[in-house]
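What follows draws every value from the coordinates through simple rules; no lab data is involved. Model, not experiment: these values are computed from the prediction. Neighbour counts are summed over all protein chains in view; Cβ atoms, including those assigned to glycine, are modelled from backbone coordinates with ideal geometry.
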Amino acid sequence: MQTNNPIEIKKCTKPVLSDKAVKQICRIAEDSFPPEEREPCQTLIKTIQDGRSILYTASVKNTIRGFTKLTPLTKTNIYLMEYLAVETRSRNQGIGGKILQFIREDLKTAKGLGLILEVEPPEVSGGKEREICQRRIRFYQRNGAQMVLDGGAYRMPNLAGEGSLPMRLMWLPIKEGEGLPINLTLSELFTLIFKETYGGESNEALLRAIIKGLPNPDASIELGTSR
């Protein structure tokens, strides 16, 4: 749905969200991500209201059309972007790009280094899903993101059941062209992500298995293009 009304993007830190806003955010999340890739709505909202995560919203006439949830990674100036979602009828209008631009400007003042993104690898899907994965990666690349080269090792827990899902990590710097800290290794990056977002004993076992499968867990992180 094309709109000529201005889009208002804002940061919400430890917000008291109205019931209307909660319903809008949860509906967008449910429409944008399969159950295995999203946490329960009440958990998503609680981490925001507790101040553990940061919410950015894009609204038109007080109706949320898109949102992003960022979680700071401990003792770094890096943020995990857990969600970037735009409601179905408002897609392809540049809202996602505007949210990213707003976030990067906002995090400059907090001396943020960049965002880590989780994306589905196109090679594990087929048909329309494969095209969607490729478009999503190209979108992030147009906005300055690069792949974290890990040999395909990274996986996220299945949030709707048992097992895990193959994922790729991308790095989106706040300042164009800036890389990840040179003293941060792949194993440390994976550990930070799991610590902040995927707690629990079963997920600790998954993390250990992922790190064990890395050719060189203590190597500096390399960036590159999509395979």
Two decimals is fine: what is log10 I(q)/I(0) at q = 0.19, 0.20, 0.22 Å⁻¹ for segment 1-107, from a Debye sum with one equal scatterer on every Cα and no solvent?
-0.97, -1.08, -1.31
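What's the longest bit of the chain with no exposed GluC sites (Glu not before Pro), using DSSP loop states and at most 13 other Cβ atoms within 10 Å as the test?
Details: sites that count: Glu162, Glu176, Glu178.
Excluding the exposed sites themselves, the longest stretch runs over 1-161.
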q = 0.10 Å⁻¹, the chain: log10 I(q)/I(0) [Debye, one scatterer per Cα]
-0.44
Length-normalised contact order of the chain, Cα under 8 Å, at least 6 apart, in percent, tallies to 18
What is the angle, in °, between the Cα long axis of helix 186-197 and the longest principal axis of the Cα atoms in the chain? Nearest 10 is fine, range 0 to 90.
40
Over segment 113-227, with a single point scatterer placed on each C-alpha, what log10 of the ratio I(q)/I(0) does the Debye formula yield at q = 0.13, 0.14 1/Å?
-0.51, -0.59
If you only keep lysine pairs separated by 8 or more in sequence, or across chains, how many in segment 70-227 come under 27 Å at the Cα atoms?
15
Singleton cysteines, the chain, no second Cys beta-carbon under 4.7 Å -> Cys12, Cys133
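Loop only per DSSP, at most 15 neighbouring Cβ atoms within 10 Å: give me the trypsin sites (Lys or Arg not before Pro) in segment 1-95, ordered by residue number.
On the way: sites: Lys10, Lys11, Lys20, Lys23, Arg27, Arg38, Lys46, Arg52, Lys61, Arg65, Lys69, Lys75, Arg89, Arg91; in loops: Arg38, Arg52, Lys61, Lys75, Arg91.
Those satisfying the criteria are Arg52, Lys61, Lys75, Arg91.
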